[in-house]
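The values are calculated or read from the model by the stated rules, or taken from the named source; none is laboratory data. All values reported here derive from a predicted model rather than from experimental measurement. Neighbour counts run over all protein chains shown; Cβ positions are idealised from the backbone, glycine included. For the accessible areas, the whole protein counts, side chains as well, though only heavy atoms, and no ligand, DNA or RNA atoms are used. Shrake-Rupley method; radii C 1.70, N 1.55, O 1.52, S 1.80 Å.
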Amino acid sequence: MSGVQSTAGDVDVDLGHLFASLARNWLRLLLVALAVTGLAFVLASLATPHYRAETRLLIETRESVFTRPDGSGENERPMLDEEGVTSQVEVIGSTDILKQVAKQLDLASRPEFDAAEEMSTISRFLVIAGLKADPNEMPPEERVLKAFREQLTIYRVEKSRVIVIQFSSSDPKLAAEVPNAIADAYLAFQRTSKLESSTEATDWLKPEIADLNQRVKDAEARVASFRSQSDLLIGQNNSALATQQLSELSSELSRVRANRSAAEATAQSVRQAFKSGGSIDAVPEVLSSGLIQRLRERQIQLRTDIADLSTTLLPNHPRIKALNSQLADLNVQIRAQAEKVLAGLVNEAASADLREKQLVADLNRLKVESGRVSEEEVELRALEREAAAQRALLESYLTRYREASSRQDRNYLPVDARVFSRAIVPSESYFPKVMPIVGAAFVGSLLLMAIFTLLRELFSGRAMRPAAGSRVSPVTQVPMPVRRAASLPDEAEPRSCDDAGEPVVAVEYEDTQAEVQPLDDEEPLVAATPAAPIIHAGISIETAAEKLIAGGAARAIFISPEGDDAAATAVLVAREVADTGLRVLLLDLTASGAASRPMLDGGRYPGITNLLASEAQFSDVIRADHYSDCDVMPVGTADPARAMRAADRLPIIMESLTTAYDLVVVECGPADADEIRRLVGDGTEVLVSFLQHDDEIADVADGLRAGGYEDVILVTPVGHDLPTTPQPTRSAA
């Protein structure tokens, strides 16, 4: 739309003029800053000085390797984690410890800890007016504790086990005494807690030890009784005698079987030698016999003698024959002795076989006995484990009981904290710091006055200037000759005056040449007859849709002076454009929802008011037309007054909708030029819908043109075409 421009950027801030206001008002800024600085100096000088001191505690295990109950090493000592150290901070600031310190130092007698004794006149007035609680209504102890906590600060040093106790007071000596007293009270509290823990432990362990003693005796008695009843005899290596005998018998059986096998093999080899007629000298058992060895030696001797005598005697010599006879007898003796060896081997194999059978029988018997013993051993071991567990628990309880008793008797209760930095009496106050306070007051007051001056200059409009590129359309006042007032029609425009004080009329004519003359009651009016002004009659729905599409309009603002009856024009135009395939949304801004209800069959849904009131999102308020491809954003169900408080969001909403849709049609109802300022933007067309053209429609169109919207289009749903010949009307004036 050619004649519509947004007024949001018509002016800019003149920074040079804005900051020049500081130079123009420098004296006032300086005087106010100096006054505030002087007041701050006086207040800081009159303020009561406060002193601060601090005591530092280190949370650590104080047990040594010689006194630690469990005897563990240094690396196994328990250490408090971050949560544990923070918990100790809360313990130090507990009410019990603070009460103890307050009573020890008699803080109740000091005026700074009792607000009821040093109430100022302003405080008393506030109490009387009910704007402040009366300190006298609180018990004295609570008043002391409240003032105590306000001046006390306890915190943990980050990433460490150090706890700092800070206290501030107008008395420097008291500022040092309080944190030291709190630290001592905390250590005493920890020591008392350990004493109570040791006492509770001994009180609990004593009956438990007596009960465990009886249970250990009963368990050991059950073990002894079961061992005697089951006849379980323990041999070497803590094993049952039957099991041990079974093992030994198995070893003996293996040895006997080996001996039998060796004897049978030897006897078989000797027997085989006899059957084959071979020499028995190769049999080791025969050679190992002592008698055979002596016979062999005799046999060798006889053979040697025969050989010696054969050199001098003949074979039939009696001496030779005697020696041969002895040699034959020796061979017989050797063979007989070998047979005896064979018989011994056979007897040895038979004996080993009998021994083996006996061992097998004994082994089978011991297997049965060992199975029975194993079952009884399982039950015995269970009883022994129970007795051992009871005994170990009893020994543990006895050890802890003795340790707790010894610590309690010797009063050795090391606290897991120590004071490594005690508070000393401070020599300088930490408040007030006169110079920092005065400097901060001067800088702060100067800055605040500068901001106040800039805001005042900005809000007054003196720092504004026209925006770059903005156009200011001059209004040309054309004085026209008119007849006397009596001859003017009722609807004539009000008369204005020229420089001479004569009345003139501002009228826009087309192809008009007139002589401008002042009005005179006595002289007749001399003026040329102007041409008739032009009236633009309404166009049809189809023509309006074609005009919007051809002009590439992004927004179509419909104004219906006749009310809800003419609101159908916007619906018809939106549907007509949507039928061409463009994405169209109709935004209903009428009070009654006259445009959106027919499209949604009369349903009430969340809409623009809900969106403005932040009760819904875009996806919740956009719905489809039941009878076309057009989308609808109804008027909504939220409170209109609440929604209008967020009317400044309308330009943002319109910009978002224009980005998402090809055309946004807005039905505004009976609105004027100022009321649609937030809805217009680039590519906006303003249309006036009517059912019957009359003076009211013409006045609305004139008002829109006067408001800066020159190309106003009149649209009517009545089915007729635009006349070819313009008709005169006063809308052209």
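What are the residues in segment 614-628 that are of a type in the set (D, E, K, R) and in a loop (DSSP other than H, G, I, E, B), if any? I'd like the intermediate steps shown before the answer.
Pass one, segment 614-628, residues of a type in the set (D, E, K, R): 615, 620, 623, 625.
Hits for segment 614-628 are 615, 625.
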Residue among 265, 307 that alone is small (Gly, Ala, Ser), under 26 Å from residue 331 (Cβ atoms) and either modelled with pLDDT of 75 or more or in a helix (DSSP H, G or I) (or both): 307
Of the residues that sit in segment 598-613 and are part of a helix (DSSP H, G or I) and touching a Lys or Arg at 6+ places or on another chain (Cβ under 7 Å), which one is farthest from residue 574 (Cα to Cα)? 612
Would you confirm whether or not segment 137-153 contains a residue that is modelled with pLDDT under 85 and open to solvent by 100 Å² or more (accessible area, probe 1.4 Å)? yes
From the set of residues in segment 416-453 that are in contact with a Phe, Trp or Tyr (Cβ under 6 Å, 6 or more places away or on another chain) and modelled with pLDDT of 90 or more, which is nearest to residue 171 (Cα to Cα)? 426
Failed item, numbered, when residue 360 is tested on (1) over 30 Å from residue 257 (Cα atoms); (2) part of a helix (DSSP H, G or I); (3) over 60 Å from the mean Cα position of the chain (by Cα): (1)
Please verify whether segment 406-427 includes one or more residues that are of a type in the set (Val, Ile, Thr) and open to solvent by 70 Å² or more (accessible area, probe 1.4 Å). yes
Scan 355, 391, 385, 400 and give me the residue that is over 30 Å from residue 151 (Cβ atoms), exposed (fewer than 14 other Cβ atoms within 10 Å of the Cβ) and basic (Lys, Arg). 385
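Return the residues of segment 89-127 that are modelled with pLDDT under 70 and open to solvent by 50 Å² or more (accessible area, probe 1.4 Å); say none if nothing qualifies.
Passing the criteria: 115, 117, 118, 120, 121, 122, 124, 125, 126.
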Looking at residue 165 and the list (1) out of contact with any Pro (no Cβ under 6 Å at 6 or more places or on another chain); (2) modelled with pLDDT of 85 or more, which single condition is not satisfied? (1)
Residue 53: touching a strand residue (DSSP E or B) at 6+ places or on another chain (Cβ under 9 Å), at pLDDT below 90 and under 30 Å from residue 180 (Cβ atoms), yes or no? no
Could you grab me the full set of residues in segment 671-699 that are in contact with an Asp or Glu (Cβ under 8 Å, 6 or more places away or on another chain), open to solvent by 30 Å² or more (accessible area, probe 1.4 Å) and under 26 Å from residue 633 (Cα atoms)? 678, 685, 691
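Being in a loop (DSSP other than H, G, I, E, B) and either of a type in the set (Lys, Arg) or open to solvent by less than 10 Å² (accessible area, probe 1.4 Å) (or both) is the filter here; which residues of segment 554-564 pass it?
Across segment 554-564, the qualifying residue is only 560.
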Is it the case that some residue within segment 199-213 is among the β-branched types (Val, Ile, Thr), in a helix (DSSP H, G or I) and modelled with pLDDT of 95 or more? no
Search result, residues across segment 565-587 that are over 18 Å from residue 714 (Cβ atoms), open to solvent by 20 Å² or more (accessible area, probe 1.4 Å) and in a helix (DSSP H, G or I): 575
Six or more apart or on different chains, Cβ atoms under 8 Å: show the pairs whose first residue is in segment 43-72 and more than 25 Å from residue 431 (Cα to Cα) and of a type in the set (Asp, Glu) and whose second is in a loop (DSSP other than H, G, I, E, B) and at pLDDT 90 or above. 60/161
Residue identified as in contact with a strand residue (DSSP E or B) (Cβ under 9 Å, 6 or more places away or on another chain), open to solvent by 60 Å² or more (accessible area, probe 1.4 Å) and among the acidic types (Asp, Glu) among 196, 177: 177
